[in-house]
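These notes concern the structure reproduced below.
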Amino acid sequence: MSKILVTGSLGQIGSELVPALQKKVGKDNVVGLDIREPKEDIGPFVNQNTTEREGLKAVLKDNDITQIYHLCSILSAKGELRPWQAWHVNMDSMRNVLALAVDMDIKKIFWPSSIAVFGPTSPRNNTPQKTIIEPTTMYGVTKMAGEGLCNYYFHKYGMDIRSLRYPGLISYKAPPGGGTTDYAVAVFYEALKSKNYSCFVSKDTVLPMMYMDDAIRGTLELMEADKSKLSVKTSYNMSALSFSAEDLTKEIQKHVPDLKVTYEPDERQKIADSWPQVIDDSRARKDWDWKHEFDLPKLTKVMLEKLGEKFAKEKS
Ligand code: SER
């Protein structure tokens with residue numbers, strides 16, 4: 001039986017991936033790791049910083065870990081406030097995970113890359129799997145380096161590292177935190193709370209996005225795919241839909257007509273403008289049958305329902 005470690009388990013992806021993995025392999029076989037403490041019982045959990053190698057080594061050993069989903073990372077906007085801190089957290093933790101995986105014969109790893117790996121010199125529409133990669137954020141630089149390490153560890157050590165270039169992820173479990181695409185999460189919170197949202201990107205900003213359920217299902221499908229079919233050793237382009245900030249506002253207003261959104265772009269606009277608008281993910285669709293399910297109307301409806309339930313629960 002696989003014993004899986006999920007780093008960054010209390011983050012946006014981790015908080016949804018852990019229960020999905022627990023459903024597959026059993027609660028006791030998934031160990032969450034984070035530098036924060038969980039607020040409720042979420043199954044086996046360790047409080048550990050992944051930049052500290054000895055501590056991480058003990059976690060891997062004590063729990064007989066055979067697979068790692070290494071999610072912890074500082075995102076784009078937060079990363080620009082303290083770029084070397086982002087480098088330290090994102091790269092030193094990855095270095096520790098990879099080095100320990102070799103030492104401890106852990107052969108299967110998932111690591112997330114991002115649309116942030118692309119930069120202003122990449123084609124912005126139908127961005128191909130293989131193209132110019134010149135990111136202009138430190139977060140993107142760590143994704144570029146990380147993809148290089150995935151490829152390197154495959155060729156040098158035969159390690160089975162699987163990776164996705166996630167678009168902006170929209171989800172209700174974890175609050176928005178540190179990403180440029182997080183405006184598309186924050187607007188849902190305010191639609192239900194204050195009915196006023198000041199959006200930090202312009203109304204015509206178009207970015208690739210995905211509902212979290214699609215991202216989690218895609219991640220698990222990639223990890224279960226036949227290894228011989230996976231032709232990409234860096235990270236797969238993965239996409240679902242692209243919309244502008246105004247498209248999203250209009251869709252939410254169908255449910256919350258009195259929502260008011262103003263557009264006040266700040267330094268995050270520059271980050272958004274350096275990223276693709278539409279991603280070509282045909283390689284993922286061909287190699288491991290990737291398909292998304294959530295379009296804008298479906299995603300908007302589910303987000304409002306689930307967030308509404310969450311707020312009601314928090315009040316009671
Ligand atoms: N969602 C991330 C961010 O905005 C991109 O991977 O930083």
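The values are calculated or read from the model by the stated rules, or taken from the named source; none is laboratory data. Just so we're clear, the structure is a prediction, and the values are computed from it rather than from any experiment. Positions of Cβ are generated from backbone atoms using ideal geometry, with glycine treated the same way; all protein chains shown enter the neighbour counts. Heads up: the accessible areas ignore ligands, DNA and RNA and are worked out on the full protein's heavy atoms, side chains in. Shrake-Rupley method; radii C 1.70, N 1.55, O 1.52, S 1.80 Å.
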For the chain, with a Gaussian network of springs between Cα atoms less than 10 Å apart, report the residue from 214, 266, 62 with the top mean-square fluctuation.
-> 62
Charge dipole of the chain about the Cα centre (unit charges at C-beta), most positive-ward option of 223, 113, 18 = 223
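Using only alpha carbon pairs under 8 Å that are at least six residues apart, calculate the relative contact order of region 93-187 and give it in whole percent. Kindly include the intermediate steps, with their values, before the conclusion.
Details: 104 pairs, mean separation 28.5, N = 95.
So the answer I get is 30 percent.
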For 314, 16, what's the largest-to-smallest order of accessible area, 1.4 Å probe?
-> 314, 16
Quick one: Karplus J couplings for region 250-255, per residue in order, coefficients 6.51, -1.76, 1.60, θ = phi - 60°, nearest Hz, x for Gly and Pro?
-> 4, 5, 5, 5, 5, 9
Could you state the accessible area per residue of the chain in Å², with a 1.4 Å probe and every protein chain left in place?
-> 45
Excluding ligands and nucleic acids, what accessible area in Å² is computed for residue 66 using a 1.4 Å probe, to the nearest 10?
-> 60
Could you run the Karplus curve 6.51 cos²θ - 1.76 cosθ + 1.60 with θ = phi - 60° over region 179-193 and give me ³J(HN,Hα) per residue in whole Hz, x for Gly and Pro?
-> x, 6, 6, 5, 4, 6, 9, 4, 4, 5, 4, 6, 4, 8, 9
Where both residues lie in the chain, what percent of DSSP beta bridges are antiparallel, nearest 5?
-> 10
Residues with amide H under 5 Å of residue 3's amide H, sequence separation 5 or more or different chain, H placed in the peptide plane at 1.01 Å from N; which?
-> 66, 67
Would you tell me the accessible area of residue 161, worked out with a 1.4 angstrom probe on the heavy atoms of the protein chains, in Å² to the nearest 10?
-> 20
The percentage of the accessible area of region 46-95 (probe 1.4 Å, all protein chains present) made up of carbon and sulfur atoms, to the nearest whole number, is 49
For helix 212-224, report the angle its Cα long axis makes with the longest principal axis of the Cα atoms of the chain; keep it between 0 and 90° and round to the nearest 10°.
-> 20
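As a quick test, which of the pairs 254/306; 229/291; 130/173; 27/195; 173/260 have an alpha carbon distance above 27 angstrom in this structure? It would help to have the intermediate numbers written out before the result.
Numbers: 254/306 17 Å; 229/291 16 Å; 130/173 33 Å; 27/195 38 Å; 173/260 24 Å.
Where the Cα-Cα span goes over 27 Å, the pairs concerned are 130/173; 27/195.
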Kindly express, to the nearest 10 degrees and within the range 0 to 90, the angle between helix 296-315's C-alpha long axis and the longest C-alpha principal axis of the chain.
-> 80
Computed over the chain: relative contact order in percent, which uses C-alpha pairs under 8 Å that are six or more apart | 18
Residue 225's amide H: which non-local residues (gap 5+, or another chain) put their own amide H closer than 5 Å, with H modeled 1.01 Å from N in plane and none for Pro or chain starts?
-> none
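Sort region 192-316 into rounded, prolate or oblate with this rule: let a ≥ b ≥ c be the square roots of the eigenvalues of the Cα gyration tensor; rounded if a/c is under 1.5, and if a/c is not under 1.5, prolate when a/b is larger than b/c, oblate otherwise.
Working: a/c = 2.62, a/b = 1.55, b/c = 1.69.
Oblate, since a/c reaches 1.5 and b/c is not below a/b.
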Residue-level accessible surface for residue 80, protein heavy atoms, 1.4 Å, Å² = 70
Residue with peak Gaussian network fluctuation, the chain [Cα springs, cutoff 10 Å], from 171, 228, 239 | 228
Please list 292, 155 in order of solvent-accessible area, largest first, computed with a 1.4 Å probe with all protein chains present.
-> 155, 292
Choice from 125, 29, 237 showing the highest fluctuation, given a GNM over the chain with Cα pairs closer than 10 Å = 125
